[in-house]
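Encoded as structure tokens, the structure appears first; notes follow it.
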């Protein structure tokens, strides 16, 4: 058991550091070739922050471990809102941008409902579902491009002296760490589930979901402690959209995923989390300390439901 736990921790660490290396190398390489900062932000960096979830989900699906594949996405999205935003707003009140309330949170509710509806009634998330999700993802990128272009700020970072070969090595190292880390994480999680006699679904919804969401958790809490939390909600909402449309979309397109009916409850929790976020922020465009503590309480209750059901 101890060995599997150590391997799981190592796997999640490799996922996080691999994503860091990939983002740093790919961003600097894009700067080197004068690719606009707005394009870099909307593609490389945005997808890179969701790379841990993508690695685990795709790896699990290819191995036929659908409990972890879907559980990781649903669990990450639930943890992002209830745990991460809850803890962050408990430290410092979070302000929210108008576009996030008006468009992005309702879009999260829509795509979360769409995935749950398709999975429950089709009994599987097939390649057609994957294609639809990727098409919606392209539309979302178009929306982000328009929004970012109207509020763009030039990046003055100087990368012209960075060696292209070293940047490529950094990218390859990051991708290698992602692949290796996802393999270690999935294998060790399955072993732990068997040893504890609990389902892959529970492991995916809890340990792996929280582990792959650690970058967002650390970033949001540090921002709150530095009194710079304004973008936290927008970043978390964006991460949830990427998790469903890009990570799950790519996975389903590569290999269809069987949708266990038990995931419907988790999907409803995922939808209700986004609905609560919209309800709490709709009028005053902020998430208060009290509301954050409520979110954390709801997450603890959800964990209790999973483990003591």
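Quick note: the coordinates plus some simple rules give every number you see, no bench work behind them. Owing to the predicted nature of the structure, the values given are computational and were not obtained by experimental measurement. Note that we place each Cβ from the backbone using ideal geometry, even for glycine, and neighbour counts take in every protein chain shown.
Before moving on, here are some points about what is shown:
- Fewest neighbouring Cβ atoms within 10 Å first, the residues 101, 115, 138 line up as 138, 101, 115.
- Among 299, 282, 145, the ranking by other beta carbons within 10 Å of each residue's beta carbon, starting with the fewest, stands as 282, 145, 299.
- Here the gap between residue 307 and residue 95, fully extended at 0.36 nm per residue and compared with their Cα-Cα distance, gives a gain of 73.0 nm.
- Potential lengthening between residue 62 and residue 282 on full extension [0.36 nm per residue; Cα-Cα distance subtracted]: 75.2 nm
- As a rough footprinting exposure proxy, the listed residues 194, 31 were ranked by other beta carbons within 10 Å of their own, and the order from fewest upward is 194, 31.
- Computed lengthening from residue 13 to residue 110, 0.36 nm per intervening residue step minus Cα-Cα distance: 31.7 nm
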